1. Seen from all sides and averaged, what is the projected area of the convex hull of the Cα atoms in chain B, in nm²?
2. Once the Cβ-Cβ distance between B:LYS162 and A:VAL176 is put in as r, and R0 is 30 Å, what FRET efficiency do you end up with, to the nearest 0.05?
3. Using a Gaussian network for chain A with springs between C-alpha atoms less than 10 Å apart, which of these wobbles most: A:VAL20, A:VAL155, A:VAL187?
4. With chain B treated as a Gaussian network of Cα nodes joined by springs under 10 Å, which of B:LEU198, B:LEU31, B:LEU92 yields the largest mean-square fluctuation?
5. Given 10 Å bins starting at zero, what is the percent of C-alpha pairs of the range B:146-285 in each, up to the one with the largest pair distance?
6. In nm², what is the average projected area of the convex hull enclosing the Cα atoms of the range B:28-78?
7. Tell me the relative contact order for chain B as a rounded percent, counting alpha carbon contacts under 8 Å between residues six or more apart.
8. Quick one: grab Rg to one decimal and Dmax as a whole number for the range B:206-245, Cα atoms only, in Å.
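Bear in mind that the values in this text are calculations on the coordinates, not laboratory data. Please read these numbers as outputs of a predicted model, since none were measured by experiment. Counting neighbours? That spans all protein chains shown, and the Cβs are built from the backbone with ideal geometry, glycine included.
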Amino acid sequence: MLEVTELHTYYGFSHILHGVSLTVNREQVLAVLGRNGVGKTTLVHSIISFAKPAGGRIKLEGHDITGFPAHQIVRRGIALVPQGRRVFRSLSVLENLTIPFRCRTEGTSRSWDIESAFDAFPTLRARRDQRAGNLSGGEQQMLAMARALVSNPKVLLLDEPSEGLAPLIVRELSDVIKELAQQGMAVLLIEQNFNMALRTAQRILVMSRGQIVHRSSPQELAENQEIKARYLGM
Amino acid sequence: MEFWIIQSLNALSFAMLLFLLCAGLSLIFGLMNILNLAHGSCYLVGAYTALSVIAWSDNFFLGLVSGSVAAGAVGFVLQRFLLQRIYGRRLLQVLLTFGCMFILGDLAIIIWGADPTTLRKPEGLTGAVDLGGIIFPKYRLFVIAVGITIGIALWLFQEKTKWGAILRAGVDDEQMARAVGINVPALFTVVFILGTALTGLSGVLGGPFVGVYPGVDLEVLLLAVVVIIVGGLGSMKGAFFGSLIVASLDNFGKALFPELAMFTIFAPMAIILAVKPTGLWGRVL
C-alpha cells in the first residue's frame, strides 16, 4: 500500500534520514520504534510532505507521490495523527471533523463519516460543540484520531499517539488501531512506548540515527536483548 | 448633549471606516503572518478607481464595486506573483510591500494627477437628516450601516460556515490544515484578495469625507497600524473594537483638545504597546 524506498531527508544542513526503506501493507500495523531524536517524526513528515526528501521514492498503491504538496498527498488517502495531537484548538469538536477533505472509499475498507467517528468515540459526541482546546489530553487524542479517520484514509500515520496518556487509555487506543487495520487500513505506528508497539503491531522496525537497524516480528524483538539494550535503552 | 451625540456618531462612522480598512490587514496577518505595508495602496487604488468609474458612469455603487475589484486585483498580483516567492521571510516581505506602496503611489500620480480630490457622494445620500433635533449627514449614517453590516457578515462567515472554520483552522495551525487536505496556498490567495478588496471598499467609502490624494496611502496605513496595535493583530474582534477606540480617541481628541490631535491617538497606543504588547484582543504570537 505505502512503499518508502531509500529516503534521505535533511533539515537545514543536518542529514536526518539516511536511506530509510519500509513497506506498509493493508490490514497491517507496522511499528517504528526508536529513541528520541532518531528521525521518527522526520520520517512521518517526509511521507506527508512537511519536509521535502532530498532522495528516495514514496509510492502509494504503486503511484509515485514523492514531492507532492501535503494536501494532495492527503487527498490521495494518507491521513496523519501528529505528535502532540495538534487539534485545531479554536474550532469546536464538530468543526474539527467537518473540515477534513473526504477521500472516496472503495469496497473493502470501512467507510467513515462524522457519525461513525462519533460512534467510535462517544465522548466526542457529548462534547461536539466544545472548543477543542478545552478538551483533556485523552479527548484531544481521540479527536485527532477521528479527524484523521473522517477523511477515509487508506494509510494512517500515527506519530506517538500514546504520548502523555494514561495506561488504560493507551490500551484502548491500541485496540482501536488493531481494529482499524483489521478493517482494511494500512497503519504506520511511530512509537517510543515499547509495550504499546508490541501489543499493536504485526511487524516492528527499530530506528537509530536515521536508519532502520532491525526488522522483526514483535515476539522476536521482545526476546532480542541485544537490540533492546543497544537501541531502545531497555 | 447634542455635541456629544454628534461627536459620537462622527466617531462611529470613522470607526466603521477604520474597521473596513483594518479587517483585511488583520485577516491577512492572522492567517499568513504577512504584514502587508502596501495595504494603504489598496485603499488608494480603490478610491481612485471609483473616482474614474463614478465620473464615467455617474453611479456611486458601480464605483464601490469597481474600487473593491481593482484593489482585490492588486492584492492578487501582489500575493500570487511577488509575496508567494518569499513566503515566511519577514524582512523581505516588509521591504517588498513597502516598495510596492511607493510604486503604486507614483503610478497613481501618473494616472490621476497629484491634486487632492474627494469622491462625489451618491445620489440620495447628500445632505443631512434630522434625528429628533440632531442634524447629521446622511452619508455618514450610510457608512455606519455598511460597516456594521459587513462586520456582522464577516463574523457570521468566520464563526458559522465551513469556510470560516477552514480559515480559523489555517490560523490555528497552518501545517496541520495542509495535513487534513486543505489547499492552503489557494486559501492564502483567496484571503489576500478578500482582504485587499475590503480595503478598496473602505477607500471608496472614505473617499467622500477623507478624500483621495497622494500620501493618503501612508496616512491610512499608519492609522491601520495603530488600530491593530491597540486591538491586537490577527483577530477580527480586535480590529472591530480597536477601530472603535482609535476613532473615538481621534474624534474626541480633535474636538476637545485640537492642539493635541496626534497625541490623543499615539499616547494610548504607546501605553498599550508597553503594557500589553499583543493588543487588547490579540492572540499570543
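1. With the hull built on Cα positions only, its mean projection is 15.7 nm².
2. 0.65
3. A:VAL20
4. So, out of B:LEU198, B:LEU31, B:LEU92, the one fluctuating most is B:LEU92.
5. 11, 33, 35, 17, 4, 0
6. About 3.6 nm², averaged over all directions.
7. Relative contact order for chain B comes out at 35 percent.
8. Rg, Dmax (Cα atoms, Å): 11.4, 31.
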